[in-house]
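Reading through the structure tokens given below for one structure.
The values are calculated or read from the model by the stated rules, or taken from the named source; none is laboratory data. This structure is a prediction, so every number in the text was calculated from the model and none was measured. Positions of Cβ are generated from backbone atoms using ideal geometry, with glycine treated the same way; all protein chains shown enter the neighbour counts. Please note that ligands, DNA and RNA were not included when accessible areas were found on the heavy atoms of the full protein model with its side chains. Shrake-Rupley method; radii C 1.70, N 1.55, O 1.52, S 1.80 Å.
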Amino acid sequence: MTTTIQPRLTQVFRFLRARYADGVAELAYAFDDGEPLVERIRFPDAPALPRERQAAFDAALKLLHLVAGVSYYKAGVPPRIEVADGPLDAATADLLDALYLHGLAEFAYRNGLDLRGRISFPRSATSPSPLRGEGRGEGPTSPHAPPLGLPKRTLVPIGGGKDSLVAVEAIKSIGGDATAVWVGNSPLIAACAGRTGLPTLNIQRELAPGLFELNRLGAWNGHIPVTAVNSAILAVAAVLYGHDSIAFANERSASAATLEYDGQQVNHQWSKGYAFEQLLGEWLHTHVAADLDYCSLLRPYSELAITRAFARLPQYFEAFSSCNRNFRILGPKPADRWCGQCPKCHFVFLALAPFLPKPRLLAIFGRNLLDDETQAAGFDALLEYKDHKPFECVGEGAEARAAMYALSQRPEWQEDALVARFRAEILPQLDASQLALEPWLEPSAEHRVPARLQGALKAIG
């Protein structure tokens, strides 16, 4: 960027254009009359697009342009949003208003901002909203887009952690045709995807270089709903490569808020939650293709139920990692897949402990995190003891307490520093009747898994 602007003083965020050619999507944005910020997404070995899929592809590409803009909008959070090719139908505007408000709630909380009443995508006055209530698809729905006759195969996003690997093995257990897909260039994710034995698809997302310049100039910065961006990328990929379903591995507890602040729930995982899954899944049916399903295969399950299922998959023990420090764009990464200090390391260790022999778990992490007094504050936050749940993709406080209680009853764990501290200091303050592990292992009936994949649910529970 050659023009110096002050991002926080901008007045308009503009969606300029979305173009696709030869496997590359270009998404352009601008603040005020500033220079375009151009992001590129590369779809490898992209096939020629069948003519009958062109309209669906164009709709998915437009949504990707609008969703990916969240990475740039948050740099200035100006009071006005403009879309170059005109106002949106009400369902699309509803989806984006909800995504930007709730998906940026943590960003707003940490920066002392209130985005309520500020985010408003332009909408056509002639297009009635198919949604009512809080935009959860409870009202009459729009007619579905026509089916495309997409091949019956599934895109399964791989994140390098336990959840997506459980989803892969569940689909494999019913002989499902699936492709392991990921966005970015993480060697760790590539190694996990390779172990699945599935065909792989590695899509590259190149953020506009100007975004980093805006950060240097004092832009607002913070967490964005990256799962929503990846979901929109995969919707384009599903139409392009020919898949009739996108099956994420987002668990039930992703819908639970991290905290409530000033009357608004703040959920670090909002775009992994069920409300967003419903909004996007219905939007794809009405705007892209009636036979393109978007779901989370693990939605009925708690984190503890998923870790129990993962404990039966030893082929991945030496390859997986949920430690977010492996996936930083900038900054150091852990040398051995687990930093042992972050909330994700703490939670995965605690959640796996009831289901794995102790020596096996210590071999995975290379240390005993529960026998280290310096880690007390991190585990306290997971338990929601003296602190709120961390801003990370971790389970609910109640399931962390159930896991810790289970360990406190087992002789091989009782003498470890933080388990002993739990027994002596925290447990007396809790209602033991609320600490059972077993209720967390029961699936919920709430999910959007399409009929042809529902057999995979049995492999998880």
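Below, the figures for the structure above:
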| item | result |
| --- | --- |
| Residue list for region 197-235, filter: crowded, with 22+ Cβ neighbours inside 10 Å and polar (S, T, N, Q) | Thr227, Asn230, Ser231 |
| Residue satisfying condition, being open to solvent by 10 Å² or more (accessible area, probe 1.4 Å) and of a type in the set (Gly, Ala, Ser), within set Ala75, Ala59 | Ala59 |
| Count - residues of region 9-23 that are open to solvent by 50 Å² or more (accessible area, probe 1.4 Å), over 27 Å from the mean Cα position of the chain (by Cα) and in contact (Cβ under 8 Å) with a residue 60 or more places away in the chain | 2 |
| Pair list, Cβ < 6 Å and 6+ apart or interchain, from region 393-413 residues that are under 27 Å from Pro225 (Cβ atoms) and among the β-branched types (Val, Ile, Thr) to residues that are open to solvent by 30 Å² or more (accessible area, probe 1.4 Å) and assigned to a helix (DSSP H, G or I) | Val394/Pro343 |
| Residue match in region 87-97 (condition: part of a helix (DSSP H, G or I), closer than 14 Å to Ile224 by Cβ and modelled with pLDDT of 95 or more) | yes |
| Residue that is modelled with the highest pLDDT [pool: residues in region 384-397 that are under 18 Å from Leu352 (Cβ atoms) and open to solvent by 30 Å² or more (accessible area, probe 1.4 Å)] | Glu396 |
| Options Glu26, Glu35: the member that is open to solvent by 10 Å² or more (accessible area, probe 1.4 Å) and free of Cβ contacts under 8 Å to residues at least 24 places away in the same chain | Glu26 |
| Test set (1) surrounded by 11 or more Cβ atoms within 10 Å (Cβ to Cβ); (2) assigned to a loop (DSSP other than H, G, I, E, B) - Ala445 fails condition number | (1) |
| Selection from region 162-196 of residues that are part of a loop (DSSP other than H, G, I, E, B) and open to solvent by 10 Å² or more (accessible area, probe 1.4 Å) | Ile174, Gly175, Gly176, Asp177, Gly184, Asn185, Ser186 |
| Residues located in region 151-161, provided they are outside any strand (DSSP E or B), closer than 22 Å to Arg312 by Cα and not aliphatic (A, V, I, L, M) | Gly159, Gly160, Gly161 |
| Region 428-442 - residue that is part of a helix (DSSP H, G or I) and either touching a Cys at 6+ places or on another chain (Cβ under 7 Å) or under 13 Å from Ala400 (Cβ atoms) (or both) and, of those, least open to solvent (accessible area, probe 1.4 Å) | Trp440 |
